[in-house]
Amino acid sequence: MALSRHNDYREGHEFDAQAGGSRTLTPLLTSNDQYAIDLQKQMNSKNFRGSASQIKVPDDCTMNMYEETGPSSAVADLNRNHAATDSWYLNGEQHYNYETGAPKDGASNAEKAQVDDFTRMVWRSTSTVSFGIKGKYVAAWYCA
């Protein structure tokens with residue numbers, strides 16, 4: 001399941017619990033089923049054409065959007081291949097500077113956007129995630 005894959009990636013990420021000190025593991029995400037229903041309804045709309053701007057994201061959430069460039073069956077079987085989750089994490093992490101908490105120096109705008117996808121997955125303040133899938137598109141809402 002995509003939630004499990006997200007939590008696998010979050011495992012081991014740390015945050016500063018206090019300015020002075022101790023480090024604590026990032027907590028696991030839970031699913032927000034109502035938001036997942038809302039997100040899926042928006043994606044199922046006849047007006048949805050794959051653009052993130054077509055989706056109204058709740059005020060307490062941010063969103064990642066993925067477009068499968070291979071066979072559409074890869075998205076249909078998200079539980080097996082986790083293409084979107086892997087893309088958001090792996091593509092973003094390679095451009096993330098753990099020392100500064102920002103994109104690496106010289107990162108392009110596209111690489112900075114990938115860092116945004118990555119950080120949404122591992123933010124400590126993110127407590128729930130909801131998914132929607134339509135055709136070759138996968139969206140995730142990360143909510144506080």
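The values are calculated or read from the model by the stated rules, or taken from the named source; none is laboratory data. As the structure is a prediction and not an experimental result, all values here were calculated from the model. Note that each Cβ is placed from the backbone with ideal geometry, even for glycine, and that neighbours are counted across all protein chains shown. Only protein heavy atoms, including side chains, enter the accessible area calculation; ligands, DNA and RNA are left aside. Shrake-Rupley method; radii C 1.70, N 1.55, O 1.52, S 1.80 Å.
Applying the selection to the stretch 115-137, what residues are open to solvent by less than 20 Å² (accessible area, probe 1.4 Å), within 10 Å of the chain's Cα centre (by Cα) and within 21 Å of Arg49 (Cβ to Cβ)?
Once the filter is applied, which keeps residues that are open to solvent by less than 20 Å² (accessible area, probe 1.4 Å), within 10 Å of the chain's Cα centre (by Cα) and within 21 Å of Arg49 (Cβ to Cβ), the stretch 115-137 yields only Ser130.
Scan the stretch 100-130 for residues that are out of contact with any Gly (no Cβ under 6 Å at 6 or more places or on another chain) and either touching a residue at least 40 places away in the same chain (Cβ under 8 Å) or within 25 Å of Met1 (Cβ to Cβ) (or both) and report the count. Break it down into steps so the answer makes sense when it comes.
Residues of the stretch 100-130 that are out of contact with any Gly (no Cβ under 6 Å at 6 or more places or on another chain), as a first pass: 100-113, 116, 119-130.
Applying the additional criterion that residues be either touching a residue at least 40 places away in the same chain (Cβ under 8 Å) or within 25 Å of Met1 (Cβ to Cβ) (or both) yields 116, 119-130.
Selection size over the stretch 100-130: 13.
Which of the helices (runs of 4 or more DSSP H) found entirely inside the stretch 8-114 contain at least 3 residues meeting this: open to solvent by less than 40 Å² (accessible area, probe 1.4 Å) and modelled with pLDDT under 95?
On the way: elements: 33-44, 73-76, 78-81, 83-86.
Output list reads 83-86.
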